[in-house]
1. Neighbouring Cβ atoms within 10 Å as the yardstick, rank 440, 859 fewest first.
2. Could you give me the radius of gyration and the Dmax of region 716-777, taking only the C-alpha atoms into account and expressing both in angstrom?
3. At q = 0.14, 0.16, 0.18, 0.26 Å⁻¹, what base-10 log of I(q)/I(0) does the Debye formula yield for region 889-971 when every alpha carbon is treated as an equal point scatterer in vacuo?
4. Arrange the following residues from fewest to most other Cβ atoms within 10 Å of their Cβ: 1054, 152, 117.
5. Cα centroid distance between region 374-451 and region 268-310, in Å?
6. Going by average Cβ neighbours within 10 Å, how do the peptides 232-240, 918-926 rank, with the highest at the top?
7. If you average the alpha carbon positions of region 164-226 and of region 575-605, how far apart do those two centres end up, in angstrom?
8. At 222 nm, what helix-only mean residue ellipticity would the chain give, in deg cm²/dmol to the nearest 500, using -39500 (n - 2.57) for each DSSP H run of four or more?
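Only the coordinates and a few stated rules stand behind these numbers; no lab work does. Since the structure is predicted, the reported quantities are computational estimates derived from the model, not experimental observations. All Cβ positions, glycine included, derive from the backbone under ideal geometry; neighbour counts span all protein chains shown.
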């Protein structure tokens, strides 16, 4: 603050010196006016800044403001300079109206400096200093705090400057430019603002330089739709979101900025932010990406240092045509440089090192060019990793000390790797997987911890003029197709130089010519060339024969490869007098039949001879010593091969191993000796013959695991450090006529192995037992065997079954000594299920439950004495379970034989047998025509049509079925019809029934309904005949007579209709007299008058009583 005050004094001096000739100086002192109040001196200073502006200062004048706090809204509407005399710590301006700006600049050429400006913290877009629509305004050396916005340069502000201000604690942005151009924001400290530090919206050609932007609650610096701006030498740190964020902003230059410790990305360009340049920036310790480029193009990143960020150092996401050069990207928590969905970018001369994941990672990113980059010490990932990224060019790059040098993952096709150096990787130099049409040309691949180049499940790969040397392995082609090799040099590999391997014949089809050298010797790789002869050739680096027949190879020496000789789909060929040493495989046969390998030496290989899916081959008179894993291995369904008369010794795993469904092979008359592991191992194989072999000084002589129906006969097995013959989970083998002596453990040991025959063997002195069985059953000891120290066996008697029911039975037996109990049972002599008890007893009883009815069950009993754990297993016994009883049906909705209008019948029934075993089959016939199944004891139907049905039910449990119970129901949901007859037959139908008209006073209502139905007419019951006819006579009343006919059928369905009878009685016809003429009317009147007179006269002459 002290330095800022001095800056204010300096500003005053400069202002005074720079004031134009004739400029007046006016003075403001808090509490004024003073003296005469003309403001021309401190003694006559005015009291407010606003008064000095309005009443004294004119264009070009300077206003000096003394120490104090000024409560004012200041509108500067003239070209003047306003200076806080002793700097912002002394001169404070606070707005009296928090909803208004503190300073609002309304004219050009205004300078405001040396103030603390505060209090515009109300509502709306208000600022400590508001500059809008004016030019050449200078805001410098102020402390602008506790406002909504610190400084606003609003629309059409032009060529203004904010320099050396402290802008802090704003509730929105520190400095906000909106449609303001050519603004210079320099040397400001913008901190602790609640939104953005510096925010440019739709503002172009501005300069942000030398600012410190820190501890803001969102982005440090945001450019939104703002172009051609320059950001240089700014320090942007500890902001709560991105350090610098460009959104839809183009042609901006960011140089020499320090962007560190922000809580999201360091620098982020997003949403079509194009043609920007980032150079010389230091971007470190940010909580997400160092630099992020999203959906943007034509940007240039050069000379930036991007380190120690919590995700990728530089990430391009959906961006294209960008250039990254001469950047240092290191120690980031994910990849150094990551391209996702980004194309046509150029990465050159970058140093990418010490990142926690990949050095450079391309994901769904095609057509990029990477050149002259140094990518090193990315210990947990690849130097470069491509996934689903095509048509990229990687050239003249140096990948060293990474976990992988180059890793091409699935779907990364048509890429070119040219003149790169790949060295000192912890694993493969180049790892190529599940990709097509990639090219590797003129690369140097040196001193990598695994393969120099490893190609896995890749199609159409091209390797040309590469130097591959001093790696653990040279070039390995695995499960791939049509790899092209031309003029490559493979030298001095620690383990092996070159190899091809696959699980299908197509994986061996490659185009490999003899210009490729292994330690200076050519690779001979022949595909489809029949009848070849190779004899006395010691200048072969590698020999691969593929898809051919009738080859003859003799007198060759080959070493230090994955295979000395590879045979894939080779038939009827002859190999003799070979010297194959120091290979992973001496000779490897895949899908190759009817070949002969004779009289050869195969020493110091990992495996001397390997047969995979190969049949009818002969391996004879081979000397194979000191091979580190196997002498001969036969696997993957290889059958009918003969391994005879060989001398094999010194293997660490097995001298001869037959495994993986390789059956019907013969291992005969071999000398197998001096191994720390097995002499012969059979693993998951059947029907092989091991005969007449001498096996000496090994761990286990013959070891069978999960192997059945093999024959082990006439072998001499001695001096084993463990067991002579060991069967583990192996059944029905024949062990006969072998001589076993001086084994440290057991002579013959069977564990969990059934049905084996052991006969005529001679077992000499062995450490614990001559013959020993454990967890093994039905092992038949057919004497005479000669042995020492056979473990004693208990006896089993009185085996019986009882309490046999539908789903259970009890098995009992007796043993000669206390022993545990086990019953195996099932529907065949394979059994398959068991029950057991660990209790040691002599009287044994075990219950079998959960079995099916009406079924013949086989069982046998096991017991083992507690002391010696030798199992004795009986022969086969049987019992038959009883049948299931028939379940009984009931219904809560329908009475059997009674018609019902309920169309949703429900049925239930009794549980029979074991509820865990028994299910039920049912059918509502003929509504259903096939049985359905349920494990419930009830079933319901909905909406069954009218008719008579039989619900059928039976129980079943997989073994048998019960009888069928039946339940008959009738469903009638159709109400009875009413057919009128007799006098009503001619009635006319109406909406509710019928109507008719009659002149008869009596009416007989008759008709017919469904037989068995009940009829009422106007509530009175009417008798219904057996055929459904009814009749009743009624006396009609004149007019309308209504008869309501209600019919209830046997299912309860109701029909109700009305018959309206209109009765009109018969009447006497009325005679109508013709009209009377006037003369006639006169005559009639005279007659009537005469009758009246006579009547009156008569009444007067009648005597009185």
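1. Result, fewest neighbours first: 859, 440.
2. Both quantities, over Cα of region 716-777: 10.6, 28 Å.
3. Those come out to -0.45, -0.57, -0.71, -1.32, one per q.
4. 1054, 152, 117
5. Spelled out, the Cα-based centre of one part sits 25 Å from the other.
6. In descending order of packing, they fall as 232-240, 918-926.
7. If we compute the Cα centre of each part, the gap is 77 Å.
8. Details: 3 runs with 48 residues, N = 1105.
Value at 222 nm, helices only: -1500 deg cm²/dmol.
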